[in-house]
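> Structure provided below as structure tokens; questions to follow.
The values are calculated or read from the model by the stated rules, or taken from the named source; none is laboratory data. Fair warning: this is a prediction, and the values are worked out from it, not measured in the lab. Glycine also receives a Cβ, built like all others from the backbone with ideal geometry; neighbour counts cover every protein chain displayed. Keep in mind that these areas ignore ligands, DNA and RNA; they rest on the heavy atoms of the full protein, side chains included. Shrake-Rupley method; radii C 1.70, N 1.55, O 1.52, S 1.80 Å.
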Amino acid sequence: MSLFVILALYTVATAILAVRTETLTYSALWLAAMLIGVAGLFLTLGAEFLAVIQVIIYAGAVVSLILFAIMFAQHRGSEPKPGSNRARGSLLALFFVLILSALLSGVGPWRVLPEGREGFLELGRTIFKDYLLPFEVLSVLLLAALVGAVFLAKRERLVAAGSERIGTGVQSQDQGQKQGEGDQAQAGAGAAEAASERGAEGKERGKGVS
Amino acid sequence: MVPVSGYVILSAILFSIGLWGLLTSRNGIKILICVEILLNAANLNLVAFSGLWAEQRGYLFALFSIALAAAEAAVGLSILIALFRRVRSLDLGKVRHLRW
């Protein structure tokens, strides 16, 4: 058996286990196993850098994030029951496998080219010469996601205040002042609302000075 | 060497497994795990075709996709934690705030 077949079987088996295991923690650990299998597949394709990134970011960071979330958000008896549309979903997925395999097995004799490139060097050149702007945009996006994640996972008070405001719609100004900070971070706030908030804040500042 | 169609079929199988889990589970974190599987299937495709053409762009896209997946996981999990504080459950069937 070739390396590819072994890795493919391993990856598929761990993916099924990740999906089917009922205990969430084990499911996340199976996901880590699957991600390492995918990293191995990247290695067989000659993408060493991606394999390393896959292990560090996916199997390292994302899985530990998921584990932390599980430990935060679980107590005894809170496990939900399995979905009611299990049979339909399973059938649909099976159908998907059959269709895709039938379609793809007929397509062209593709072969992976032997390594004719300088790996890391070439990739670095591509990122920092041709795709510098998308790379920078991506870093800004990561920062935004980080700030958003911190905001969302903050204490109840702040989040609740924000959603309450959105829910009631019309509110007196002094309440708006109190909750202005939380609302500004919320993407859903309309422009007019934001403008009125800014006005309210200006008044507040004026009071502080006088 | 393994033909690329092998990788593509494997990716299709992984995608279907992820889809299966996505459709059959109601636990929020389980759904996020399945989304990760889906994203990995897509990445595998990108890398396989990048190897086919001896191109760097597919690797680059896979790299970007990994970064986006990390961002998605962070935001998704924090949403789930915020949701858990409210509903005391991860069951997405119980979340009715956004329905009308």
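> Calculate what fraction, in whole %, of the accessible area of segment B:1-56 sits on carbon and sulfur atoms when a 1.4 Å probe is rolled over the protein chains.
Summing carbon and sulfur atoms, their accessible area is 76 percent of the total for segment B:1-56.
> So, one more: For every helix of n ≥ 4 consecutive DSSP H residues, a contribution of -39,500 (n - 2.57) applies; sum these over chain B, divide by its total residues, and give [θ] at 222 nm rounded to the nearest 500 deg cm²/dmol.
Computed ellipticity for chain B at 222 nm equals -28000 deg cm²/dmol.
> At a 1.4 Å probe radius, which order do B:64, A:95 fall into by accessible area, largest first?
Highest to lowest solvent-accessible surface, that is A:95, B:64.
> Let me ask something else. Taking beta carbons within 10 Å but only from partner chains, what does the mean come to for residues A:134-145?
What the average comes to for A:134-145 is 3.
> Next question. Rounded to the nearest 10 Å², what accessible area does residue A:154 show when all protein chains are kept and the probe is 1.4 Å?
Here the accessible area works out near 100 Å².
> Can you give me the angle between helix B:4-24 and the longest principal axis of chain B, using Cα atoms only, in degrees from 0 to 90, rounded to the nearest 10?
10
> What's the angle, to the nearest 10 degrees (0 to 90), between helix B:28-53's Cα axis and the longest principal axis of chain B?
Helix B:28-53 sits roughly 10 degrees off the main axis of chain B.
> Round to the nearest 10 and report in Å² the accessible area of residue A:10, as given by a 1.4 Å probe over the protein chains' heavy atoms.
Here the residue's solvent-accessible area equals roughly 90 Å².
> Shifting gears a bit: How would B:53, A:30 rank on accessible area, largest to smallest, probe 1.4 Å?
B:53, A:30
> Provide the buried accessible surface between chains B and A in square angstrom, both chains summed, 1.4 Å probe, rounded to the nearest 100.
7000
> How shielded is A:60-71 by partner chains, expressed as the average number of their Cβ atoms within 10 Å of its Cβ atoms?
Taking the mean over all residues of the peptide, I get 5.
> Probe radius 1.4 Å, ligands and nucleic acids left out: which of B:91, A:130 has the largest accessible area, and how do the rest follow?
Highest to lowest solvent-accessible surface, that is A:130, B:91.
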